[in-house]
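Colleague: There's a structure below that I have some questions on.
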Amino acid sequence: MTVVVLGIDALDPELVDPEAHPNLTLAAHRSIETIDSAAGEPSTHELWPTIITGLRPKDHGLTLKNDGVAWGNPLLESASMLADYLLPDTVQARIGAWLLTNTGADAFRTPATYYAENNIKTLFDGQEATAIGIPNYVVDPDSEDREHNLRRSLGDLFERDPDTTGGHSSADPYEFYEQCLEMVMVRIARARRAVRSGRHELVFAYTSGLDLIGHVTYDLSTLQRSAYDELDEFVGDLRKDLDDGDVLLLVSDHGLQKGVHTHEAMVAGTNKEMIAGIDSVLDIRAVIEAELRAQDHMKDSEKRSFTEAGGTEVKKHLEDLGYM
């Protein structure tokens with residue numbers, strides 16, 4: 001039995017339709033509360049650590065500055081220290097955007113070791129688990145998967161632009177859309193392989209493609225609708241790999257409409273009780289862990305039943321042979 005969690009950045013509860021998107025709404029779905037950053041809107045940088053720890057950003061320590069840029073990378077952090085003394089906030093934000101677009105700096109690459117080093121528990125602790133692409137939980141900081149490489153290679157297809165509504169612009173939104181969908185497919189394919197391996201109690205994969213599309217194509221509504229339709233098909237393929245006892249949970253950190261993060265996140269799942277227990281991004285870790293404990297209990301019960309049944313069968317066989 002496996003709990004499969006698919007983190008879909010910016011999956012918006014107001015943009016899914018149970019009839020059109022049965023694989024994005026599953027047996028139950030709902031909007032949940034999220035948390036705003038210091039910049040005034042929910043932040044991917046802060047929220048995925050919150051989702052895997054159950055802690056508010058101020059408690060897990062991976063937070064944005066008021067300028068909306070995550071300065072955890074040493075290059076950015078040094079620039080921030082100077083900027084705090086020399087530059088107004090608006091100029092700091094523009095410099096941060098330029099650095100993130102034009103250098104190798106990456107705001108989402110905090111290693112997984114950060115949590116143990118700071119005595120922070122995550123839902124992966126003590127589990128046979130695999131974490132695929134989760135922002136600020138990087139299992140192997142020295143390697144990058146195909147989605148990460150695709151994102152780095154977007155170039156002028158995805159540039160930070162503080163003057164636009166979505167904060168980003170693209171030289172070719174349609175080509176950008178295709179690359180983002182490829183990013184989604186890569187991560188879901190990795191999740192499917194992990195599920196099929198049968199080696200994990202917990203498979204947690206993340207993809208950013210829907211969020212990127214929403215930031216750039218907000219004035220091309222057909223593209224955003226198409227993204228939801230195609231994502232529904234991809235998740236449907238993932239569902240085909242699940243066994244009867246497996247559980248699928250979809251999680252977002254915020255919604256996204258008209259190019260801007262909204263103040264609602266979303267969950268959907270094959271287990272209605274799990275969905276009923278999640279009111280906020282702060283609840284997700286506890287609900288997943290409760291399901292994992294329940295599945296452990298079921299496995300123990302199955303083992304006991306098998307042993308008891310096997311013992312009775314052996315005893316009867318010995319009696320038939322005249323040894324008992």
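The values are calculated or read from the model by the stated rules, or taken from the named source; none is laboratory data. Keep in mind it's a predicted model, so treat the numbers as computed, not measured. Please note: Cβ atoms are built from the backbone with ideal geometry, for glycine as well, and neighbour counts cover all protein chains shown.
Colleague: Is it fair to say Ala286 is among the small types (Gly, Ala, Ser), buried (at least 24 other Cβ atoms within 10 Å of the Cβ) and closer than 18 Å to Leu55 by Cβ?
Modeller: Taking the combined requirement at face value, the residue does not satisfy it.
Colleague: Quick check on my filter: what residues within the range 251-264 are at pLDDT 95 or above, part of a strand (DSSP E or B) and not aliphatic (A, V, I, L, M)?
Modeller: If the condition is that a residue be at pLDDT 95 or above, part of a strand (DSSP E or B) and not aliphatic (A, V, I, L, M), then Glu264 is the only one that fits.
Residue-wise test of (1) in contact with a strand residue (DSSP E or B) (Cβ under 7 Å, 6 or more places away or on another chain); (2) surrounded by 13 or more Cβ atoms within 10 Å (Cβ to Cβ); (3) at pLDDT 95 or above.
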site	(1), (2), (3)
Ile95	no, yes, no
Asn102	no, no, no
Phe108	no, yes, no
Tyr115	no, yes, yes
Asn119	no, no, yes
Thr122	no, yes, yes
Ala129	yes, yes, yes
Ile132	yes, yes, yes
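Colleague: May I pose another question? Name the residue, out of Thr217, Thr222, that is out of contact with any His (no Cβ under 8 Å at 6 or more places or on another chain), within 30 Å of Gly167 (Cβ to Cβ) and surrounded by 17 or more Cβ atoms within 10 Å (Cβ to Cβ).
Modeller: When all the criteria are applied, what remains is Thr217.
Colleague: Another one. Under 7 Å between Cβ atoms, at least 6 apart or on separate chains: pull out the pairs that start in the range 1-21 with a residue that is without any contact (Cβ under 8 Å) to a residue 24 or more places away in the chain and end on any residue that is not in a strand (DSSP E or B).
Modeller: What qualifies is Pro18/Thr25.
Colleague: From the set of residues in the range 127-136 that are touching a helix residue (DSSP H, G or I) at 6+ places or on another chain (Cβ under 6 Å) and part of a loop (DSSP other than H, G, I, E, B), which is farthest from Val203 (Cα to Cα)?
Modeller: So, considering only residues that are touching a helix residue (DSSP H, G or I) at 6+ places or on another chain (Cβ under 6 Å) and part of a loop (DSSP other than H, G, I, E, B), the one farthest from Val203 (Cα to Cα) is Asn136.
Colleague: Looking at the range 17-36, which of the residues that are in contact with a Ser or Thr (Cβ under 9 Å, 6 or more places away or on another chain) and buried (at least 21 other Cβ atoms within 10 Å of the Cβ) is farthest from Asp253 (Cα to Cα)?
Modeller: For the range 17-36, the residue satisfying everything is Leu26.
Colleague: Just to be sure I understand the filter: pairs with C-beta atoms under 8 Å, separated by 6 or more residues or on different chains, first member in the range 276-288 and over 17 Å from Asp36 (Cβ atoms), second member assigned to a loop (DSSP other than H, G, I, E, B) and β-branched (Val, Ile, Thr). Which pairs pass?
Modeller: Every condition considered, the pairs that remain are Ile284/Ile278; Arg285/Thr122; Val287/Ile278.
Colleague: If a residue has to be touching an Asp or Glu at 6+ places or on another chain (Cβ under 8 Å) and over 15 Å from Val267 (Cβ atoms) to count, how many in the range 10-34 make the cut?
Modeller: The number of residues fulfilling the criteria is 2.
Colleague: Can Leu249 be described as over 15 Å from the mean Cα position of the chain (by Cα) and either hydroxyl-bearing (Ser, Thr, Tyr) or more than 17 Å from Thr44 (Cα to Cα) (or both)?
Modeller: Spelling it out, it is not the case that Leu249 is over 15 Å from the mean Cα position of the chain (by Cα) and either hydroxyl-bearing (Ser, Thr, Tyr) or more than 17 Å from Thr44 (Cα to Cα) (or both).
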